[in-house]
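Okay, structure first, notes after.
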Amino acid sequence: MIPRHIQITIALLLVAVFTSGIYILRLHRGTQESLRRAADARPVDAPIAGRSQNITLAIAYDEDGVFRDKTVAAVLPDESSARAREILQTLIAQYVSKPSPHPLGEGSAVNSVFLVNGKLAVVDLNQALVDEHPSGIMVEDFTLLSLIETLSQNMPQLEQVKILIDGKERETLAGHADLKSAYSTSVVHQMVERLQ
Amino acid sequence: MFTGGACNPVWATVAITLLLLNSGTASERQRLAVYAPQANFVLPVSEIGGTTYVGIFELLEPLSAPELKVVGTQWKLRVPDSGNAGKSIEADFEDGNATAIVRGQKILLSAPARHENGRLLLPLHNIGNILKPLLQTEVVFHEASRRLFLGGSAEEAIIELRRGEPSTLALHFPAAVNPAINQEGNTLKLSFAKDPVVIVGQSGPLNDKLFTSEDYTESNGTATLTISGSAPLLASFAAGGKTIVVSGAPAPQPTAPPNPAATSIMPAPPGTTKPENAPTTLQPPSPVAAAPPAAPPPFLIVIDPAHGGSDSGARITPTMAEKDITLSLARRLRRELQARHIAVDLLRDDDSNLSFDDRALKTNLERPALFISLHAEPGREVGIYTPALPVALSTTMDKKSFLPWQTAQQAFLAQSTALAPRIAESIGQREIPIQIRPAFLEPLQSIAAPAVAVEVPANRHGLRIPEDQIAGAIAEAVVVWKADRGAAR
């Protein structure tokens, strides 16, 4: 028969081993997360300096084939180009999050928005958005309509919107919707209105 | 005998010359021209191991309603028996085997049958022996020039030299023709790619003051008549396109009275049925007032099977791409329209990749009555899309004047918008859910004709709605559209 004091020692040792194991596992995960963050080359957004404002998003609902306006609060910078980018980024965040009324791929983002004479907006989307975009006439059209209508609702002075992908012109979004043309905001507004 | 290093430059020059000549020949796409009472069309042929092959299904599809089944290496082809309604004629082929059984009879092929990318390829040399029992019709095959005449479709032209001061040369054809005409110096070249024209007789000198010689050749699916003269020549259509009159080109004058008997050559209206794009007809320099042929343009439908080649379109399943579904549906729609006696052209009849500009260009050159773009995607409804233009144009466009490329559709927008409900109505009769809406869709904006896109829902089994139902419904809508158009005129 094992003496009682040895039993207690073994039990304490087992507890110590188990606790150490958990500690080492957590330490390992923490290190891995640090390494992953260190390896992420994506630029980190600068903190937005501005005030919180309500913006209107033209949200596409693929299932119903309609558009609905949604008002959300967002912190918007004062500079027009950065402001336009932030508005579109807020819209895309709605589509990237799940469940989404109009799913876009993870990593979809707006690189930048350039304003020309205050009337033309050149929107530069990232490659991830088109790579992961579903192919289809309606879904591609809805992405264009949603981006352009959201921009023009919040920046009414805009007359035309041109879309680039990673700084380059592209024929279509994912095989269907035309990206070569610059879109008239009034034409897009009429189309979205009919779909509301 | 050439030996030694001194001769190497000579051999190198010869080798380079041969290489260049060879590459020039290889760059020209080899094709087979098929002329039949049902349709005239052109097919690509393949050179494999020194033997020229053609896809038998692609050849039969515009002529009949063939079915092709494959079990392992065995291929079973079935075509409707034109002599016995409801019955069919069968032919058996085996991949890698040079023996075929057609209508119970053994046929020895000059090379083994081949299976390539889901197509059954047969040696072109044997195509006459195979088609005759299958179609039970007269088959005349000009193998060297790859021109296949079925059902007595060859049309013999007569050349008449009318001597005088000046002389004229009249070319008489049994039916209206639409050759590509090219003038170089004192030579006039007429190329018949779509017309089943043959000229029997001797080529050679004409012993005339104006016309020195005529030369008829056939090559790569095209018949070419070359007329040489001592001065620049001018070709004019007469007798509703059944006669071409060649005469000396008059000296340039400020104005010239139009000739009521003959009209000078303009880019002719689209042909009847031609899967390959028509060549551009060149107008010889002439001061004669240009006037198009009097006959109204035929009612031609251009079908665009969307995507193709490296552009697969939507992935319906990992192994099923939109481009394959659209091509299959386009072929079915072609059959349905042809069965209703409507001329059809497919922008692609294989897995080729056409740019949007190419699609628009090919379509606009044909001046069709309608343009239908076919798409497929996972979904539940049939989508009928009318073109939406990205900019609002305040001016009204004249259809007959030059149209801006990016917004050429503007002049036809009202017709496109009116066409969509017709198709929806026809599809709706089959109790299929439909939606109609405008879309910023390529290449509709650049199409100078009434245009719509039809997107058909698909799932892992293929189209959710049987192909024949959709194609039949669209074809019926086109028939109604055509009737309305005729009434409007």
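What the table below lists for this structure:
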{"read-out": "Condition met for B:Ala251 (touching a Gly at 6+ places or on another chain (Cβ under 9 Å), of a type in the set (A, V, I, L, M), open to solvent by 50 Å² or more (accessible area, probe 1.4 Å) and modelled with pLDDT under 85)", "value": "no"}
{"read-out": "Selection count where residues are among the polar types (S, T, N, Q) and over 24 Å from the mean Cα position of the chain (by Cα), scope the stretch B:184-199", "value": "2"}
{"read-out": "Matching option when the condition is in a strand (DSSP E or B), under 24 Å from A:Ile163 (Cα atoms) and of a type in the set (D, E, K, R), among B:Arg359, B:Arg437", "value": "B:Arg437"}
{"read-out": "Any pair with Cβ under 8 angstrom, 6 or more apart, that starts in the stretch B:29-42 at a residue that is part of a loop (DSSP other than H, G, I, E, B) and ends at one that is of a type in the set (Asp, Glu)", "value": "B:Gln30/B:Glu47"}
{"read-out": "Cross-chain or 6+ apart pairs with Cβ under 9 Å, the stretch B:433-452 first and within 12 Å of chain A (Cβ to nearest Cβ), then surrounded by 21 or more Cβ atoms within 10 Å (Cβ to Cβ) and among the basic types (Lys, Arg)", "value": "B:Glu442/B:Arg359; B:Pro443/B:Arg359; B:Ser446/B:Arg359"}
{"read-out": "Residue tally, condition open to solvent by 10 Å² or more (accessible area, probe 1.4 Å) and under 19 Å from B:Ala314 (Cβ atoms), over the stretch B:435-461", "value": "5"}
{"read-out": "Qualifying residue in the stretch B:365-374 (condition: in contact with a helix residue (DSSP H, G or I) (Cβ under 8 Å, 6 or more places away or on another chain), of a type in the set (Phe, Trp, Tyr), within 14 Å of chain A (Cβ to nearest Cβ) and closer than 29 Å to A:His133 by Cα)", "value": "no"}
{"read-out": "Test: residue in the stretch B:50-60 that is acidic (Asp, Glu), at pLDDT 85 or above and either open to solvent by 10 Å² or more (accessible area, probe 1.4 Å) or in a loop (DSSP other than H, G, I, E, B) (or both)", "value": "no"}
{"read-out": "Sole exception among (1) surrounded by fewer than 15 Cβ atoms within 10 Å (Cβ to Cβ); (2) part of a strand (DSSP E or B) for B:Gly96, by number", "value": "(2)"}
{"read-out": "Residue satisfying all of: in the stretch A:49-88; within 30 Å of B:Gly383 (Cα to Cα), surrounded by 13 or more Cβ atoms within 10 Å (Cβ to Cβ) and not aliphatic (A, V, I, L, M); nearest to the other protein chains (Cβ to nearest Cβ) among these", "value": "A:Gly65"}
{"read-out": "Neighbours by Cβ (under 6 Å, 6+ apart or cross-chain): first from the stretch A:68-86, farther than 17 Å from A:Val123 by Cβ; second open to solvent by 30 Å² or more (accessible area, probe 1.4 Å) and assigned to a strand (DSSP E or B)", "value": "A:Asp69/A:Thr56; A:Thr71/A:Asn54; A:Thr71/A:Thr56; A:Ala73/A:Ser52; A:Ala73/A:Asn54; A:Val75/A:Ser52"}
{"read-out": "Output for the stretch B:220-237, where each listed residue is among the small types (Gly, Ala, Ser), open to solvent by 20 Å² or more (accessible area, probe 1.4 Å) and in a strand (DSSP E or B)", "value": "B:Ser228"}
{"read-out": "Total residues in the stretch B:183-196, condition of a type outside the set (D, E, K, R) and either open to solvent by less than 20 Å² (accessible area, probe 1.4 Å) or under 17 Å from B:Gly241 (Cα atoms) (or both)", "value": "6"}
{"read-out": "Scan of the stretch B:359-387 for residues that are in contact with a Pro (Cβ under 6 Å, 6 or more places away or on another chain) and either open to solvent by less than 10 Å² (accessible area, probe 1.4 Å) or hydroxyl-bearing (Ser, Thr, Tyr) (or both), ordered by number", "value": "B:Arg359, B:Ala360, B:Glu366, B:Leu370, B:Leu374, B:Thr386"}
{"read-out": "Strands (runs of 3 or more DSSP E) contained in the stretch A:98-196 and holding at least 2 residues open to solvent by less than 30 Å² (accessible area, probe 1.4 Å), closer than 28 Å to A:Asn54 by Cβ and facing chain B (nearest Cβ under 10 Å)", "value": "A:160-165, A:182-184"}
{"read-out": "Residue that is within 27 Å of B:Ile316 (Cα to Cα) and either among the small types (Gly, Ala, Ser) or assigned by TED's automatic domain parsing to the domain that holds A:Ala74 (or both), where the choices are A:Val161, A:Val130, A:Val113, A:Val123", "value": "A:Val130"}
{"read-out": "Residue in the stretch B:463-489 that is farthest from the other protein chains (Cβ to nearest Cβ), counting only those that are open to solvent by less than 10 Å² (accessible area, probe 1.4 Å) and farther than 17 Å from B:Pro421 by Cβ", "value": "B:Gly472"}
{"read-out": "Checking B:Gly428 against (1) under 24 Å from the mean Cα position of the chain (by Cα); (2) free of Cβ contacts under 8 Å to residues at least 24 places away in the same chain, the condition it does not meet", "value": "(1)"}
{"read-out": "Residue that is surrounded by the most Cβ atoms within 10 Å (Cβ to Cβ) [pool: residues in the stretch B:302-319 that are farther than 16 Å from B:Asp358 by Cβ and within 13 Å of chain A (Cβ to nearest Cβ)]", "value": "B:Ala314"}
{"read-out": "Flag if B:Val70 is of a type outside the set (Phe, Trp, Tyr) and either part of a loop (DSSP other than H, G, I, E, B) or open to solvent by 30 Å² or more (accessible area, probe 1.4 Å) (or both)", "value": "yes"}
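The values are calculated or read from the model by the stated rules, or taken from the named source; none is laboratory data. Here the structure is a predicted model, which is why all the values come from computation and not from measurement. Don't worry about glycine lacking a Cβ; one is built from the backbone with ideal geometry, like all the others, and counts go over all protein chains shown. Note: accessible area is taken over every heavy atom of the protein model, side chains too, but ligands, DNA and RNA are not part of it. Shrake-Rupley method; radii C 1.70, N 1.55, O 1.52, S 1.80 Å.
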